[in-house]
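One structure is given below, encoded as structure tokens.
The values are calculated or read from the model by the stated rules, or taken from the named source; none is laboratory data. Bear in mind the structure is a predicted one, so any value in this text is a computation, not a measurement. Neighbour counts run over all protein chains shown; Cβ positions are idealised from the backbone, glycine included.
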Ligand code: AMP
Ligand code: ZN
């Protein structure tokens, strides 16, 4: 499989550190509000990448953090007059609900920054001992970027050029040695959460948490580190500087970054206020549609969000589900069990769409082309199934479609909720059957409703029902 590696700016063959295993870290959200659909993009694309790796037989150790200590969380806690923990706890729970709705598999581990403070202090101490970090008078600990020779290698920036362009930010009286030195530990401010450390009470900077959690759960060198492209600089550049200076080893072999989800060609972000939360989208659409919309583009391309594109994704998804329903319907009505010779040949032909799908995913997780292969399979199904087909043939085509959609994280089998009107009309039919002493039919209807999770109760006033 080929992956575009931000580090080398090339597509490279993926070779894992350990055969058959993938160690992957994806930077997660800062939890101070409901997530927006821009935040959902890395979740969806890297979950799909993970599913494909698992389909190929890799055991994927997938770690994704929640940043639960941060200025924005503290600000929100102060506004509401509650603890920071209450804010982060609330939005982690909400984020998990959204993830479930988008069918994102839970990570192997979802570490929380606040639970990993000891590890962060230990790594900062190592950096200080090795001369890569220093404590300023006020208790802030900074990373000494000038000492890390390959600083800038991920973002392809040159520190000298950067400094030349930013002389103006070298404010006199600044506690840093260099404007590009970044914070590893900041001293406590009144009313903020704080932990004891060799530099006094305080809290960690943002970058150190990912270096530490990645090391703890995946080891000093990992296979893949991923996130949105806004994280390349400074966040990921700083993670490399911290981890590689501390361990003396390569931090991550491959770096994957998703493009932005835009709105009117501008990055969707909380600060610009041009966002839709996943929750808002869920009011109008099944979140599968959002997932399908995201996967219809290549993960590295910018993607512009629009109502038209969401409608197109909805229609596309419906086309797939309709083909799946057709297969199920024909299969239950079919009287032939086993595949006929001609069907064997057709089924073998349909393997070309699976091959196309795989070839697309092998090429840097090209979900846009993988989705096209699914549509081609759907077209093939629509052309080559009829009431004459055997159950085995129909089932095999169904399984092929289901398998490919499963890698994309899309369910094709709709757990259809019965409408109230449908339930009421079945109840009426049951009452009539009873009046006509057709108890077998009446029982059959009760059973049918039960299977769909509808419980009936016969009362003196009539029949009442509820959903289980
Ligand atoms: P944040 O909570 O801002 O740190 O973002 C969490 C993740 O969402 C990071 O991987 C970001 O790069 C990503 N992200 C935020 N906004 C967007 C966007 N508009 N498009 C794509 N990814 C984004
Ligand atoms: Zn991170």
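Just a few scattered comments:
- Only residues that are within 16 Å of ligand 1 (Cβ to nearest atom) and either touching a helix residue (DSSP H, G or I) at 6+ places or on another chain (Cβ under 7 Å) or not in a helix (DSSP H, G or I) (or both) were counted across the stretch 215-253, and they come to 9.
- The sole residue among 326, 288 that is assigned to a helix (DSSP H, G or I) and over 20 Å from residue 369 (Cα atoms) is 326.
- Just one of the listed residues (422, 447) is out of contact with any helix residue (DSSP H, G or I) (no Cβ under 8 Å at 6 or more places or on another chain), over 30 Å from residue 359 (Cβ atoms) and surrounded by 14 or more Cβ atoms within 10 Å (Cβ to Cβ), namely 422.
- Of all residues in the stretch 284-298, one or more are within 22 Å of residue 99 (Cβ to Cβ) and within 10 Å of ligand 1 (Cβ to nearest atom).
- Candidate set from the stretch 92-116 (those that are part of a helix (DSSP H, G or I) and buried (at least 21 other Cβ atoms within 10 Å of the Cβ)); member that is nearest to ligand 1 (Cβ to nearest atom): 95
- Single unsatisfied condition, residue 39 versus (1) away from ligand 2 (no atom under 15 Å from the Cβ); (2) within 20 Å of residue 303 (Cα to Cα); (3) out of contact with any strand residue (DSSP E or B) (no Cβ under 7 Å at 6 or more places or on another chain): (1)
- All conditions but one from (1) within 17 Å of residue 344 (Cα to Cα); (2) not in a helix (DSSP H, G or I) apply to residue 365; the one that does not is (1).
- Residue 40 meets all of the listed conditions (1) within 14 Å of ligand 1 (Cβ to nearest atom); (2) in a loop (DSSP other than H, G, I, E, B); (3) within 22 Å of residue 109 (Cβ to Cβ) but one, namely (2).
- Exclusive hit being more than 21 Å from residue 406 (Cα to Cα), crowded, with 19+ Cβ neighbours inside 10 Å and more than 11 Å from ligand 1 (Cβ to nearest atom), set 30, 67, 6: 6
- Of all residues in the stretch 212-250 being near ligand 2 (Cβ under 10 Å from one of its atoms) and over 20 Å from the mean Cα position of the chain (by Cα), the one that is nearest to residue 50 (Cα to Cα): 239
- Listed conditions (1) in contact with a strand residue (DSSP E or B) (Cβ under 9 Å, 6 or more places away or on another chain); (2) at pLDDT 95 or above; (3) closer than 28 Å to residue 189 by Cα are all met by residue 115, apart from (1).
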